[in-house]
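Okay, structure first, notes after.
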Protein chains: 2
Amino acid sequence: MNAAEKLRKGEQTRAAILDKAVEITSQLGLEGLTIGTLAEATKMSKSGLFAHFGSRDELLLATLDYGTALFTEQVFLPALKAPRGLPRVRALFGNWLAWTESTRLPGGCPMIGAAAEYDDRPGPVRDRLQQGQWQWIDTLKKSVQMAKDEGHLAPEADIEQIVFEMFGIGLVMHHHRRLLGDAKARARALAAFESLLERHSVSPAQPTLRAASR
Amino acid sequence: MNAAEKLRKGEQTRAAILDKAVEITSQLGLEGLTIGTLAEATKMSKSGLFAHFGSRDELLLATLDYGTALFTEQVFLPALKAPRGLPRVRALFGNWLAWTESTRLPGGCPMIGAAAEYDDRPGPVRDRLQQGQWQWIDTLKKSVQMAKDEGHLAPEADIEQIVFEMFGIGLVMHHHRRLLGDAKARARALAAFESLLERHSVSPAQPTLRAASR
């Protein structure tokens, strides 16, 4: 093996380990992810894992970064194929819901679980989680702003409020599916989302509340 | 001390311990609640705590039951003073938001955190959490149903959908306040909630979308 091949092989191993780490986090939270549980799941030695990550904290941060990269790959990038405006907002939101139900994530979104775990524990893990959540919120805001710029949403539509409500719909779908096993959660989430868009849209066939009460 | 006094004193001690247990769970999740961390927080001996709870699992269940009792006392019971219909729905929702910001819960609602932790771990703790969440959902449904019966909501209002969306608003407010430190979260949550009620209400001053598009 030459140096480039070695590097590539090292990266493949690391990706395979991090796949498992994301899977464990999805089910057991970051609390459940230790060098020990990961060694068991990957059938690697603890010392081998320490060689890759150095410490448990580094492992947690690497797992969050890897989870964020997967999220980008599965939720964000495919949505860019949809035209700017409402089609892209719908693609982002639909991909997000699909992500939380992905078979690769047996326990749902690892970041949503971790957010609840770390919201009161200052430190690098919390910082990384916050950063990821803000990034996602910014992505949603930009897509909604574009929908407004394209004339798909009313000029007075409050972007931050819309994204806040979208986020709530995503969280409750995750909560109801995961904890309560509610089979109707996805349909209810989509109904809530479409009603949110309709309320802020300017399509003459669907007058907004504001227009109606003038 | 006679037997009744002893019993009362035992109950007071237990309540003081469980107050601390709920506080720890609010900040660190159920993961962070062990006989050891509780002994440190209450300055009691581990053996004294074992005498009260028997095992860590029993401690977790007792903490959830105590948390649920506090929730009933602070969210549900005061709302019964509000008249049936929308005033009571508003009181329940407002008390819920206030509960997640209560100074007694330094890390927010202990049950929301625990739900994310245990959603993929079958067993008695998950069962107890599910039961508590369904109870709260049922309470909200009943209050919204009464608002419909009182004529405050449109006859075609979909109770389950409304409660699903209310739940999402509560979750996102908790998430944005706790993880992201978003100071506007409460105002946004209330705006989303009022818009939800307005959409399903029948007040002639505020025509619903359906009425407007006829």
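The values are calculated or read from the model by the stated rules, or taken from the named source; none is laboratory data. All figures in this text were calculated on a predicted structure; none of them were measured in a lab. Positions of Cβ are generated from backbone atoms using ideal geometry, with glycine treated the same way; all protein chains shown enter the neighbour counts.
Taking (1) part of a helix (DSSP H, G or I); (2) among the aliphatic types (A, V, I, L, M); (3) buried (at least 19 other Cβ atoms within 10 Å of the Cβ) in turn, B:M146 satisfies each apart from (3).
Entry remark, the stretch B:157-183: residues being modelled with pLDDT of 95 or more and either of a type outside the set (D, E, K, R) or not in a helix (DSSP H, G or I) (or both) number 15 in total.
No other residue among A:L59, A:L70 is more than 16 Å from the chain's Cα centre (by Cα), of a type outside the set (V, I, T), surrounded by 14 or more Cβ atoms within 10 Å (Cβ to Cβ) and assigned to a helix (DSSP H, G or I) apart from A:L59. Here B:M1 meets each of (1) part of a helix (DSSP H, G or I); (2) away from chain A (no Cβ under 14 Å); (3) free of Cβ contacts under 8 Å to residues at least 24 places away in the same chain with one exception, condition (1).
Flag set for A:G85, criterion: farther than 28 Å from A:D182 by Cβ, more than 14 Å from chain B (Cβ to nearest Cβ) and surrounded by 15 or more Cβ atoms within 10 Å (Cβ to Cβ). Here the stretch B:127-185 is the region considered, the condition is being under 30 Å from B:T103 (Cα atoms) and acidic (D, E), and the residue that is nearest to the chain's Cα centre (by Cα) is B:D138.
Residues in the stretch A:177-194 that are more than 7 Å from chain B (Cβ to nearest Cβ) and either surrounded by fewer than 16 Cβ atoms within 10 Å (Cβ to Cβ) or in contact with a helix residue (DSSP H, G or I) (Cβ under 7 Å, 6 or more places away or on another chain) (or both): A:R177, A:G181, A:D182, A:A183, A:K184, A:A185, A:R186, A:A187, A:A189, A:F193, A:E194.
Evaluate the following for B:Q135: is it touching a Gly at 6+ places or on another chain (Cβ under 9 Å), of a type in the set (S, T, N, Q) and surrounded by fewer than 21 Cβ atoms within 10 Å (Cβ to Cβ)? Show your work before the answer.
On the way: touching a Gly at 6+ places or on another chain (Cβ under 9 Å): no; of a type in the set (S, T, N, Q): yes; surrounded by fewer than 21 Cβ atoms within 10 Å (Cβ to Cβ): yes.
Against the criterion (touching a Gly at 6+ places or on another chain (Cβ under 9 Å), of a type in the set (S, T, N, Q) and surrounded by fewer than 21 Cβ atoms within 10 Å (Cβ to Cβ)), B:Q135 does not qualify.
The set of residues from the stretch A:25-40 being part of a helix (DSSP H, G or I) and in contact with a Gly (Cβ under 6 Å, 6 or more places away or on another chain) comprises A:S26, A:Q27.
Between A:E73, A:E58, A:E40, which is out of contact with any Leu (no Cβ under 6 Å at 6 or more places or on another chain), within 30 Å of B:E23 (Cα to Cα) and not basic (K, R)? Walk me through how you get there before you give the answer.
Numbers: A:E73 fails: within 30 Å of B:E23 (Cα to Cα); A:E40 fails: within 30 Å of B:E23 (Cα to Cα).
The match here is A:E58.
When A:L97 is tested against (1) surrounded by fewer than 17 Cβ atoms within 10 Å (Cβ to Cβ); (2) in contact (Cβ under 8 Å) with a residue 24 or more places away in the chain; (3) of a type outside the set (D, E, K, R); (4) within 23 Å of B:M173 (Cβ to Cβ), only condition (1) is not met. Among the residues making up the stretch A:82-138, those that are at pLDDT 95 or above and touching a Pro at 6+ places or on another chain (Cβ under 8 Å) are A:A91, A:N95. Give the residues of the stretch B:41-54 that are outside any loop (DSSP other than H, G, I, E, B) and either on the phi > 0 side of the Ramachandran plot or surrounded by fewer than 13 Cβ atoms within 10 Å (Cβ to Cβ) (or both), sorted by residue number. Within the stretch B:41-54, B:S47, B:A51 meet the criteria.
Against the conditions (1) in contact with a Gly (Cβ under 6 Å, 6 or more places away or on another chain); (2) surrounded by fewer than 23 Cβ atoms within 10 Å (Cβ to Cβ), A:I169 satisfies every one except (2). Of all residues in the stretch A:107-128, those satisfying the criterion of being facing another protein chain (nearest Cβ under 7 Å) and either part of a helix (DSSP H, G or I) or surrounded by fewer than 22 Cβ atoms within 10 Å (Cβ to Cβ) (or both) are A:G107, A:I112, A:G113, A:A115, A:A116, A:E117, A:D120.
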